[in-house]
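> Structure in structure tokens, see below.
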Amino acid sequence: MASPPFDRLFEAGAGQGLYALATSNWETPLGTAAFFLKTMGRQALTRMAHAAAERPDEVDSVLDHLLPNAAERVSLAEQFPPVPGGEYITPTVISRWFEDFRRLVKKETGTRGITPAAWLKALGAPWDQIGKVFFHLAENRDDSTGLRPFAFMATFAHQSAADNQIRHLPLSSALKLHEGNHTALLAVLQPLQEAARESRLLQNLLESGKIYSPLAWSASEARDFLQDSPLYERAGIMVRMVNLWKKAPPKLQVKVTADTADGEKAVHSSGLSLSTLLKFSVSATLDGRDLTPEELEELLNNGDGLIRFKGEWVRVDAQKVKDLMERWNRAARMMSSLGIPLVQGLRLLVNGPADRLAELPEPDEDCLMEPGGNLRSILDVLAGNSPVPVPELPPHLDRILRPYQKEGFSFLYRTTERGFGACLADDMGLGKTLQAIAWLDTLRRQGKLETVPALIVAPASLLGNWKEEAERFAPELVLRIMHPSAPDSWQPSPTRMDTPCHAVITTYGMAVRTPALADLHFPAIVLDEAQAVKNASSARSRAIRALHGERRIALSGTPVENTLNEIWSLMEFLNPGLLGNKKSFEKFTRSLERGYAPLRRLIRPFILRRMKTDPALLPDLPDKTEIPAYCQLTPEQAALYHHQIETLHAMLDEPDPAKRLMLVLPVLARLKQICNHPAQFQGTDDYLPERSGKFLRLQELCSSIAARQEKAILFTQFRSVIPHLHDLLSRVFGRPGLTLHGGTPIPERQNIVSSFQKESGPPFCILSLKAAGTGLTLTQASHVIHVDRWWNPAVESQATDRAYRIGQHRNVLVHRLICRGTIEDRIDAMLTEKRRMADDLFSGGPEQWLMNMSPEELKKLLCQS
């Protein structure tokens with residue numbers, strides 16, 4: 001790349017110009033002055049890199065190494081090339097240049113909150129390599145005997161040259177260079193000592209002192225070096241294999257191929273399950289190519305270590321390969337008539353949890369597990385990589401579902417029809433319920449829900465939401481509730497079903513208290529908010545796992561909240577045995593400290609996870625998604641609410657609209673207070689969450705938000721309830737939030753906004769609707785929660801726009817807490833029915849539309865049970 005004009009480099013200051021020259025790798029030759037300045041800047045960065053390698057956690061002392069000392073400043077001024085203006089370059093000018101350079105780097109590291117060592121690492125080669133020890137392995141061109149075909153040398157990266165390449169010193173020279181500097185010596189030797197604790201080869205090299213000299217190595221020594229290379233790299237030593245291999249030489253491995261016993265039939269059969277039997281075969285492979293018996297014999301007869309095979313060096317541990325081949329062939333013969341369960345085969349393929357059959361050897365790095373053609377086809381189908389037909393959606397659902405929701409429906413169908421359980425782990429607001437309803441309605445249309453209905457298990461607060469969405473999106477899917485609060489609660493019976501239906505929804509608590517559910521074999525089971533069964537040893541989780549279902553799905557935006565044991569509990573419901581028993585899984589997870597790839601590969605076909613921030617979804621998502629959060633009144637709330645309704649009847653008969661309004665408005669306010677919490681209506685401080693369905697729903701909703709480490713703003717029209725909401729949410733989020741209301745001093749308001757807008761600021765802010773519904777910018781929040789309903793939708797929209805405005809880069813979810821069967825529910829329904837007229841209809845507030853209602857209309861609105 002060509003270099004920009006020299007004078008433009010220094011437009012933003014001397015420090016910026018030195019930085020641009022020092023880190024450049026331009027192809028265009030530089031002028032004399034620019035080249036001198038480039039060298040000057042690179043020397044400064046080199047000094048800083050050495051200091052950062054010695055003291056990686058320090059800041060100011062490392063940055064000080066950018067500054068040349070007094071003697072160096074004088075020397076640089078004297079050596080400056082004779083160019084126009086060069087006569088003005090003095091030691092003082094050079095000092096100012098480097099001070100500017102230091103300020104620039106300090107500002108960058110401070111803004112990003114990183115150390116100079118991390119800043120250099122981000123610059124990449126060569127700056128992240130200076131000060132490090134290198135191990136080099138190459139072919140020994142001077143070996144005429146063939147006994148020592150490899151050469152080894154340890155070096156120290158000393159400085160960066162103008163060509164952007166590292167200049168190395170022998171390790172012995174590095175020790176002399178740092179003689180007397182204990183910190184620098186320790187920085188060189190500590191990685192060697194750390195790696196030597198686990199590497200016998202390096203330990204011997206250090207104890208003998210051979211590490212400081214070039215060495216000629218045998219093939220077995222080179223093999224030992226390659227085996228220990230990961231240890232060296234973890235300790236911070238750079239490993240380079242010169243003109244040999246990019247990473248490591250090809251290795252002879254045993255290949256075990258697992259495949260279905262009944263061929264192609266398993267790919268398309270709906271009878272496939274985790275108990276499907278697999279057969280396996282054994283062969284040898286080298287760099288992805290299967291070897292013939294003759295090639296394998298040639299390799300095994302040529303000894304161990306690194307050997308020449310068809311013109312290249314390959315790694316061979318002959319005895320180990322022979323032992324593995326013998327053990328796997330013996331196991332294959334023993335299992336030929338039995339087969340192994342698919343669940344076990346899947347674990348073998350990813351080196352997963354180890355509770356396998358005793359006859360099977362333990363796979364390791366010398367054993368490559370692969371799926372055969374039929375099994376690979378099954379896995380491709382599950383992963384969505386191989387297209388399979390899925391039923392067409394009814395026209396109304398086909399119009400409603402977004403492309404990613406159709407993909408979710410397809411995932412649920414293709415996975416469950418092949419005998420596996422599926423977890424739809426979409427983020428909050430992406431429509432998991434709708435996708436599950438589309439799946440259930442498909443089963444209904446196929447006649448699979450006629451004899452026994454599907455079972456849906458969900459938190460109590462979501463029963464009404466499921467029923468309403470089913471009625472709205474799949475009206476032919478008959479859904480009934482099994483709960484004492486339902487007027488016609490469904491009852492399980494192993495001999496006959498009462499009133500026919502296609503799906504039954506119940507709570508987790510009811511599932512525990514109704515053992516008769518375990519006597520039925522459901523065509524499908526759906527767990528909503530499936531993190532409810534994350535504790536595998538709880539009575540709830542055990543009761544759910546005892547249910548029998550031909551198809552099983554789980555819906556959860558947070559499939560793992562705290563520990564990996566939660567994923568075991570979820571998968572044990574969906575695909576029993578996939579993750580082994582609990583003890584072996586816990587042992588397996590302890591081995592995953594360096595990466596979770598084996599676990600991801602094992603569960604990936606059965607979990608579909610999409611985030612609302614996924615760029616692929618943005619074209620299909622609205623910028624603002626409104627989600628009603630339905631709540632049930634507690635018995636105490638219901639009693640208080642109905643008592644207030646009784647007092648309304650006489651008032652509504654008042655013929656004068658103005659007088660009637662004056663009587664109704666106070667009762668309306670009391671009804672809204674009761675919906676929030678009985679204590680608010682009673683004027684007490686007893687705000688236990690258990691007394692309010694809305695507080696319980698808010699607690700549940702904010703737990704999901706907190707689990708994703710997202711932020712929320714909450715609006716209420718009642719200032720008195722704000723402290724109690726704050727107490728509740730402080731427990732949920734684990735730290736306090738912010739509050740803003742009419743009593744908040746004006747100067748303090750901006751401080752509250754500034755604090756919330758910091759990424760590390762408080763996780764929630766509770767605001768009174770009138771005091772904070774306009775004028776504030778709170779774009780750190782991706783959730784807006786309306787705790788109680790304001791009857792003017794324009795006011796609610798203005799409040800929502802505190803988060804949904806310019807500067808917001810996340811999709812905003814708007815949650816409106818609505819108590820079922822109350823005035824809140826009726827107003828929400830009215831707004832939904834008359835959405836286009838809503839702004840005009842309610843623009844004058846409740847007074848206007850209440851004044852215009854007849855007594856009969858008011859009774860229907862306020863008193864309908």
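> Residue check, L430 against (1) closer than 30 Å to Q491 by Cβ; (2) buried (at least 21 other Cβ atoms within 10 Å of the Cβ); (3) aliphatic (A, V, I, L, M); (4) under 28 Å from the mean Cα position of the chain (by Cα), all met but one. Which one?
(1)
> Can you name the helices (runs of 4 or more DSSP H) wholly within region 27-129 that have at least 3 residues being free of Cβ contacts under 8 Å to residues at least 60 places away in the same chain, over 29 Å from H168 (Cβ atoms) and outside the structural domain of Q159 (by TED's automatic domain parsing)?
On the way: elements: 32-54, 60-63, 70-79, 91-112, 116-123.
Where helices (runs of 4 or more DSSP H) fall fully within region 27-129 and carry at least 3 residues being free of Cβ contacts under 8 Å to residues at least 60 places away in the same chain, over 29 Å from H168 (Cβ atoms) and outside the structural domain of Q159 (by TED's automatic domain parsing), they are 70-79, 91-112.
> I'm trying to understand the selection: among the residues of region 473-512, which are among the charged types (D, E, K, R), under 30 Å from I400 (Cα atoms) and either surrounded by 16 or more Cβ atoms within 10 Å (Cβ to Cβ) or at pLDDT below 90 (or both)? Outline the logic, then answer.
The first filter runs over region 473-512 and keeps only residues among the charged types (D, E, K, R), leaving 476, 480, 488, 496, 498.
Of the ones still in play, those that are also under 30 Å from I400 (Cα atoms) are 476, 480.
Of everything in region 473-512, just one residue is among the charged types (D, E, K, R), under 30 Å from I400 (Cα atoms) and either surrounded by 16 or more Cβ atoms within 10 Å (Cβ to Cβ) or at pLDDT below 90 (or both), namely R480.
> Moving on. Taking the conditions exactly as written (out of contact with any Pro (no Cβ under 8 Å at 6 or more places or on another chain), over 30 Å from G447 (Cβ atoms) and of a type in the set (K, R)), does R542 satisfy them or not?
Details: out of contact with any Pro (no Cβ under 8 Å at 6 or more places or on another chain): yes; over 30 Å from G447 (Cβ atoms): yes; of a type in the set (K, R): yes.
Taking the combined requirement at face value, the residue satisfies it.
> If you don't mind, another one. Which of the residues belonging to region 398-416 are surrounded by 19 or more Cβ atoms within 10 Å (Cβ to Cβ) and either under 19 Å from R552 (Cα atoms) or modelled with pLDDT of 95 or more (or both)?
Listed by number, the residues that qualify are Q405, G408, F409, S410, F411, L412, Y413, R414, T415, T416.
> Given region 203-288, what strands (runs of 3 or more DSSP E) lie entirely inside it while holding 3 or more residues that are at pLDDT 85 or above and surrounded by fewer than 13 Cβ atoms within 10 Å (Cβ to Cβ)? Before the answer, list the steps.
Details: elements: 215-217, 238-242, 252-260, 277-286.
Of the strands (runs of 3 or more DSSP E) lying wholly inside region 203-288, none has at least 3 residues that are at pLDDT 85 or above and surrounded by fewer than 13 Cβ atoms within 10 Å (Cβ to Cβ).
> I've got another one for you. Can you list residue pairs whose Cβ atoms sit under 7 Å apart, with the first residue in region 155-170 being loosely packed, with under 15 Cβ neighbours inside 10 Å and the second being part of a loop (DSSP other than H, G, I, E, B) and at pLDDT 75 or above? Count only pairs 6 or more apart in sequence or on different chains.
From region 155-170, no pairs qualify.
The values are calculated or read from the model by the stated rules, or taken from the named source; none is laboratory data. Please read these numbers as outputs of a predicted model, since none were measured by experiment. Positions of Cβ are generated from backbone atoms using ideal geometry, with glycine treated the same way; all protein chains shown enter the neighbour counts.
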